[in-house]
Amino acid sequence: MRESFLHFLWRWRRFDARDLATTEGLPIDISHPGEWNIHAGPDFFNARLRIGDTRWAGNVEMHLRASEWLAHGHSGDPAYDNVVLHVVWEEDTPILRAGGERIPCLTLKDRTPSGLLEAYQRLEQERSWVPCQPSIGKAPEIVRLNWLDRLAVERLEQKNAAIEEALRATGNHWEEAFYRSLARTFGLKVNAEPFEALARSLPLLTLARHKNDPAQLEALLFGQAGLLDEPCEEEYPQMLAREYRFLKHKYGLASLPASQWKFLRLRPANFPTIRLAQFAALVHRSAHLLSCVLDARNIRELEHLFSATPGEYWSTHYRFGHPSARREKVPGRDFIRLLIINTVVPFLFHYGKVKSQEQYQKRALALLEELPAERNSMIDNWQAMGIKARNAAHSQALIQLKTMYCTPRRCLECAIGTALLKQENS
Ligand code: SF4
């Protein structure tokens, strides 16, 4: 059993509260269980209770065994001075305050409905892809939908941390931070790191100086990526290499090793060369990408912004020196949607928060709701369980649910898990 089960019992008062009394026999009356605290300090703040003849407004601390109070070093910790009730599964030892007075203790072991305890234990022991898999269908749909809405926001808030870090690293330069984040997403999973390293090593300001010359943009990006180091017999790569040598010297650049780029097992359309060429075409379209994103009124305008097509050379190549059948390398719709979901939406959301402009946060959420659900194995698994993602907000929420709740087995902090256990009354 985990301590979180006690939190659940207390928070939702799912124990037998008749003739409630401390282990010393003083009657307890709970007016309010307090605010659940998931950070450091006591588990519930500002509970309102009557113990014996005394009314208390204070904190509640919980442990499976009372002795954990000592093991966790709460004695002498001022953060726990205001604990008015110690709620435990079993009291294996009385706990005293510094002055020798006993802390009132309530045990829940004999007050927990057996059906509820068994349902909790089943959830704990279940080894399915998600532990509630056998019963998730019993959770009311309204609970599931509300929870997914909250998780979509939680996921965006979690992404705020990475954006804050990028802003710190760029001296609070929003365009530069957006450029780095966008570069990372352009690299997809496989080449995310080198793409981001490339953006860090090549400031947007430098690229912006050459924004009107697509060949110079490609020279800077491919040269800096180390992809012009190999000799090539074709004229275009040779010209890019000459340009890069000049620009490298001019800006004092140091190129990255070509070996970090991965081509293996990628579809040619996802080769880093193609993504870099598309990235160059995008910067050619605008070096103020975040401003364009903030100004875009709908998905169509965003899709148009990101559908920049690379130059002529790339219509017959996937790599330098390897001609292929003619095909335009305009970024596909799924790829653009990935850029919107993973970079545009989090930036809009964070920008709105930092600038106190709620309209950007609303727009970010509206974009997710408008975009179709992502397609990946995780979303497929949810669907096989009968949980269908209706849009990208749902698919993002389901990713958050699986990675942050189901896998670490935080079922008692999950609205679905709570709802399922609340159904167990016997
Ligand atoms: S975290 Fe929620 S959805 Fe995931 S297994 Fe637990 S109860 Fe089910």
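Considering only residues in the range 104-129 that are more than 11 Å from the ligand (Cβ to nearest atom) and assigned to a loop (DSSP other than H, G, I, E, B), the one that is surrounded by the fewest Cβ atoms within 10 Å (Cβ to Cβ) turns out to be 127. The set of residues in the range 291-316 being outside any loop (DSSP other than H, G, I, E, B) and touching a residue at least 24 places away in the same chain (Cβ under 8 Å) consists of 291, 293, 294, 299, 302, 303, 306, 313, 314. Cβ separations smaller than 8 Å between residues 6+ apart or across chains give the following pairs from the range 123-150 residues that are of a type in the set (Ser, Thr, Tyr) to residues that are outside any helix (DSSP H, G or I): 128/134. The set of residues from the range 130-166 being within 11 Å of the ligand (Cβ to nearest atom), surrounded by fewer than 17 Cβ atoms within 10 Å (Cβ to Cβ) and modelled with pLDDT of 95 or more comprises just one member, 143. Of the candidates 47, 66, 21, the single residue that is touching a Gly at 6+ places or on another chain (Cβ under 7 Å) and at pLDDT 95 or above is 47.
This table checks each residue for (1) within 16 Å of the ligand (Cβ to nearest atom); (2) out of contact with any Ser or Thr (no Cβ under 9 Å at 6 or more places or on another chain); (3) under 29 Å from residue 115 (Cα atoms).
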site: 377; (1), (2), (3): no, yes, no
site: 384; (1), (2), (3): yes, yes, yes
site: 390; (1), (2), (3): no, yes, no
site: 399; (1), (2), (3): yes, yes, no
site: 408; (1), (2), (3): yes, yes, yes
site: 414; (1), (2), (3): yes, yes, yes
site: 419; (1), (2), (3): yes, yes, yes
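Please tell me if residue 404 is among the aliphatic types (A, V, I, L, M), within 14 Å of the ligand (Cβ to nearest atom), modelled with pLDDT of 95 or more and in contact with a helix residue (DSSP H, G or I) (Cβ under 9 Å, 6 or more places away or on another chain). When the stated conditions are applied, residue 404 passes them. Taking the range 329-426 as the region of interest, the helices (runs of 4 or more DSSP H) fully inside it that hold 1 or more residues being closer than 30 Å to residue 111 by Cα are 415-422. State yes or no: is residue 362 among the basic types (Lys, Arg), within 16 Å of the ligand (Cβ to nearest atom) and surrounded by fewer than 21 Cβ atoms within 10 Å (Cβ to Cβ)? So residue 362 fails the test. Of all residues in the range 223-264, those being touching a residue at least 60 places away in the same chain (Cβ under 8 Å) and under 32 Å from the mean Cα position of the chain (by Cα) number 4. Hey, can you tell me all the residues within the range 389-426 that are surrounded by fewer than 20 Cβ atoms within 10 Å (Cβ to Cβ), more than 14 Å from residue 154 (Cβ to Cβ) and in contact (Cβ under 8 Å) with a residue 12 or more places away in the chain? Selection gives 390, 391, 409, 418, 419, 422, 423, 424, 425, 426.
The values are calculated or read from the model by the stated rules, or taken from the named source; none is laboratory data. Everything numeric in this text was worked out from a predicted model, so none of it was measured. Virtual Cβ from ideal backbone geometry, glycine too; neighbours counted across all protein chains shown.
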